[in-house]
Amino acid sequence: MAMDNGDTGSTFQDQVIEIQGLTKAFGHHLALRGLDLKIRQGEKVAILGPNGAGKTTLIKVLATIINITSGKVLITGLNPKDNAEEIRRQIGVITHQTFLYGNLTANENLEFYGRMYDIPQRKKRINEVADMVRMTPRLYDRVNTLSRGMQQRIAIARALLHKPTILLLDEPETGLDPQATSILWEILNVEREDKRTIFLTTHSLERVLEISNRLLILNQGKFAYEESGQTLSLADLKQIYQHYSEIEV
Amino acid sequence: MKFWNQVISITWKDTFSEIRTREVISSVLVFTLLVIVIFNFAFGANQETLRLVAPGILWVTFTFTGVLSLNRAFIPEKEQGCLEGLMACPISREAIYVGKMLASLLFMLIIEAIALPVFAFLFNLPVLTLPMVTITILATIGFVAVGTLFSALAINTRAREMVLPILFLPVMVPVIISAVNASKMALSGKPWNELASWIQIIGVFDVIFLVVSCLIFTYAIEE
């Protein structure tokens, strides 16, 4: 049954992520403090925030890697507590860590993750994603012999292997040289064109304007600012970011 | 079926990685052989003394081997950030546990398969018999069942090399005592029916450890 969510006129059916009162505590420290967020299918959402704001924790919650302390999270209408495996099948995660085994070749890594996702016609799909990230010539090299940028491209291939409908990116450009960074965003720009939902955390304000159509500033575990559409200039965004990432919320 | 495919893939990945680097097997094997040689020199050539202390030496050696080997079980996953990659895959936490446990079991059995003939040669005792092999396999299953769980627990702590033995050794006491007593009887040439009670105790603990560890593992790796 389609239900109106009240504020955007969209339905639960096209809302891929719904968060209500999300709180996550590590001991006495509250990393996320009562977050509310609704993301529709195909939206490209960027989260900005200073270090320790809770960006990575939020990504880990959405990737079902960690459990929440309180509140409600629905991903594609499913509750992670009861449907974690089904949710994970629809999510691709790219972080500054590649999740790749250095002693295995790029191909062996993709083969391993392909088995984990039970991907049919694995070899064909591995060649497709390797081609997409322009890593086919280095596919049979061990990951620890590849540069950081190349490893990150294989990490993108890994995340796209199972054709996820939601892509979670946690500061994917960290540690990359400018050339590798531009290849990374080039690939993501291609992704931007399709119906995939992208949820991105980054420190790069330029990329936020380039990739996203909605931006949020997270500060001390709370959303401090939200802007939809691409109406901001870089100078405005810099000013807004500076203001909202420094204030006490 | 899907569960076992995932389990086999994780075991294959660990085994393949170990074949490439020989990080665990080579270093732990050298340690194991050194301990056996040191004990052999320490107790001299008196066959009566050796027969008396051999079961204890064997299981102290294998316990240390287990601690060293299991300490490494999750380190590659953690160092390369792959544990979160695995946790983001659509597989049950139990599949991760069983896959990692089978890989550790394989590594430990390989080390023991090399160490036992060396032990037999140096101590001049009949350890390459069916009862001894059965005791070794059963006790090793107990070791890796608990060790894999505690290794996952220890990985998120600062002093992880210290945490594993502190958690592991007290829990393993019943299996070690049973293995030492069963080995003592086996080395004295006692028949199966006399060994049976000790072997059954190891078997029961194996089942308990496997079931409980499998159930707790989800909580051990999540935070």
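The values are calculated or read from the model by the stated rules, or taken from the named source; none is laboratory data. Just so you know, these numbers come straight off a predicted model, no measurement behind them. Don't worry about glycine lacking a Cβ; one is built from the backbone with ideal geometry, like all the others, and counts go over all protein chains shown.
Observations, loosely collected:
- Residue match in the stretch B:140-155 (condition: farther than 17 Å from B:Asp206 by Cα, over 15 Å from the mean Cα position of the chain (by Cα) and either within 13 Å of chain A (Cβ to nearest Cβ) or not in a helix (DSSP H, G or I) (or both)): yes
- A:Asn67 of a type in the set (S, T, N, Q) and either assigned to a helix (DSSP H, G or I) or more than 8 Å from chain B (Cβ to nearest Cβ) (or both): no
- Within the stretch B:79-108, tally of residues that are assigned to a helix (DSSP H, G or I), touching a residue at least 60 places away in the same chain (Cβ under 8 Å) and either facing another protein chain (nearest Cβ under 7 Å) or under 19 Å from A:Val61 (Cα atoms) (or both): 4
- Selection within the stretch B:183-199 - loosely packed, with under 14 Cβ neighbours inside 10 Å and either within 11 Å of B:Pro55 (Cβ to Cβ) or at pLDDT 95 or above (or both): B:Ser188
- A:Ile126 passes every criterion in (1) at the interface with another protein chain (Cβ under 9 Å from one of its Cβ atoms); (2) touching a helix residue (DSSP H, G or I) at 6+ places or on another chain (Cβ under 7 Å); (3) buried (at least 21 other Cβ atoms within 10 Å of the Cβ); (4) not small (Gly, Ala, Ser) apart from (1).
For every residue, the table says whether it meets (1) surrounded by fewer than 22 Cβ atoms within 10 Å (Cβ to Cβ); (2) within 22 Å of B:Ile19 (Cβ to Cβ).
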residue	(1), (2)
B:Ser104	no, yes
B:Leu109	yes, yes
B:Ile114	yes, yes
B:Leu130	yes, no
B:Leu149	no, no
B:Leu169	yes, no
B:Asn181	yes, no
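- Remark: pairs (first residue in the stretch B:145-172, farther than 15 Å from B:Ser104 by Cα; second residue surrounded by fewer than 24 Cβ atoms within 10 Å (Cβ to Cβ) and of a type in the set (S, T, N, Q); Cβ separation under 8 Å; 6+ apart in sequence or on different chains) = B:Ala154/B:Asn71; B:Arg160/B:Asn71; B:Glu161/B:Asn71; B:Val163/B:Thr157; B:Leu169/B:Thr63; B:Met172/B:Thr63.
- Close Cβ contacts (under 6 Å, 6 or more residues apart or on different chains) running from residues in the stretch B:20-49 that are free of Cβ contacts under 8 Å to residues at least 60 places away in the same chain to residues that are aromatic (Phe, Trp, Tyr) and in a helix (DSSP H, G or I) comprise B:Thr49/B:Phe43.
- Odd one out for A:Lys195, checked against (1) assigned to a helix (DSSP H, G or I); (2) over 25 Å from B:Asn5 (Cβ atoms); (3) in contact (Cβ under 8 Å) with a residue 24 or more places away in the chain; (4) away from every other protein chain (no Cβ under 14 Å): (1)
- From the options A:Tyr101, A:Tyr117, A:Tyr140, A:Tyr113, residue that is more than 30 Å from A:Gln15 (Cα to Cα) and either at the interface with chain B (Cβ under 10 Å from one of its Cβ atoms) or touching a Cys at 6+ places or on another chain (Cβ under 6 Å) (or both): A:Tyr101
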